[in-house]
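The values are calculated or read from the model by the stated rules, or taken from the named source; none is laboratory data. Here the structure is a predicted model, which means the values were calculated and not measured. When we count neighbours, we look across all protein chains shown, and the Cβ atoms used for this are built from the backbone with ideal geometry, even at glycine. Areas reflect the complete protein model, heavy atoms only, side chains present, ligands, DNA and RNA absent. Shrake-Rupley method; radii C 1.70, N 1.55, O 1.52, S 1.80 Å.
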Amino acid sequence: MTIKDVAKKAGVSISTASYALNGKPNVHPKTRDRILQIAESLNYYPNAHAKNLKSRRSNNIGVFIYGFAGPIFSDLLEGINMQLQKHGYNIIVSSGTTSSVLLRQRSVDAAIIFDSNLKDQEIKNFSENHPIVVLDRYLDGKNIYHSMIQNKELVYDFMKKVLMEKKYKKIAYLSGPEDSFNNIERYEGFKQALSELNINNHVYLQGDFTIEAGYNTALQLIEKNEIPEFIYCANDELAVGVIKAFNEKGIKIPEQCALAGFDGIQLTDFITPKLTTIAINHFEWGRQIAGFITRILSNQNAYPLKNPDASILMRQTI
């Protein structure tokens, strides 16, 4: 579909359609809305690269994330940006509706997507002519590549090791958001390990991947006198919140309650006691992904895209 098709169906001139699609003020609001609806029904979006008829390249790589809070994104983005700069590319970091607009307008040459809120079809439309690496879902399609944290496998292996050594019976899982891909996978690994060890009961505690959620959950456990022997936290920020609350209330870790997390964020090096965690090298992961993207864009043979490296850091909280 072209802008001519949009203009014809809307009964306007090509210039009027262009003004509406590019957000120019000299179009009546009702006319603009009608043109935008028709463009969407025809699956047409203006191509920002068309302004550069020679190369049709922007030298911009989009990195679309679900939010800017949390420490893991800083390491990931630093790795991506360092590698892109080496090859003359700019990084555009976006979240929310802006990400959808950038994809629709083809404003970037490639995309790295760590945002489960972006619709599958939007990604597939962009990937028809551009490479995409998705980090938070399984999605088949032309020019779509995957690099996934092995959440389920890592938590499963960790939980089996810990429970076989420590023999904990009163066990809790402190979750992230229930619709989070990472949380779902980590919880599946957790449950599988317990099942294979014939541990039939555990407590599920709802959280949201933040320090505040971990802190408040721990205070509630103390108030109700329902502290388990072991809490597995779906990420390190939750665990940091639990440690803060337990320290304030005089709950000894790990004597009264052991806990562990996931991610290996730098903050855990500066808390007491130090947190046992499944550590992901987010900086190296970002660097590898960016290197993969630049090789594709320069028509070089792309080496297989690896999953990120992980290691278990056994510390005083367990």
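Points worth noting:
- Picking from residues in region 241-277 that are modelled with pLDDT of 95 or more, outside any strand (DSSP E or B) and among the polar types (S, T, N, Q), the one that is farthest from ILE72 (Cα to Cα) is GLN256.
- Flag for VAL101 being among the β-branched types (Val, Ile, Thr), out of contact with any Gly (no Cβ under 8 Å at 6 or more places or on another chain) and either in contact (Cβ under 8 Å) with a residue 60 or more places away in the chain or more than 27 Å from ALA234 (Cα to Cα) (or both): yes
- For region 161-211, residues that are basic (Lys, Arg) and open to solvent by less than 50 Å² (accessible area, probe 1.4 Å) total 1.
- Meets criteria (in contact with a helix residue (DSSP H, G or I) (Cβ under 9 Å, 6 or more places away or on another chain), surrounded by 18 or more Cβ atoms within 10 Å (Cβ to Cβ), farther than 20 Å from VAL162 by Cβ and modelled with pLDDT of 95 or more) for ALA218: no
- Those residues of region 93-148 which are among the acidic types (Asp, Glu), in a loop (DSSP other than H, G, I, E, B) and in contact with a helix residue (DSSP H, G or I) (Cβ under 7 Å, 6 or more places away or on another chain), in sequence order: ASP109, ASP115, ASP136
- Scanning region 81-92 for residues that are part of a helix (DSSP H, G or I), open to solvent by 20 Å² or more (accessible area, probe 1.4 Å) and in contact with a strand residue (DSSP E or B) (Cβ under 9 Å, 6 or more places away or on another chain) returns ASN81, GLN85.
- Candidates in region 65-80 are the residues that are open to solvent by 30 Å² or more (accessible area, probe 1.4 Å) and of a type in the set (Phe, Trp, Tyr); of these, the one that is farthest from SER95 (Cα to Cα) is PHE68.
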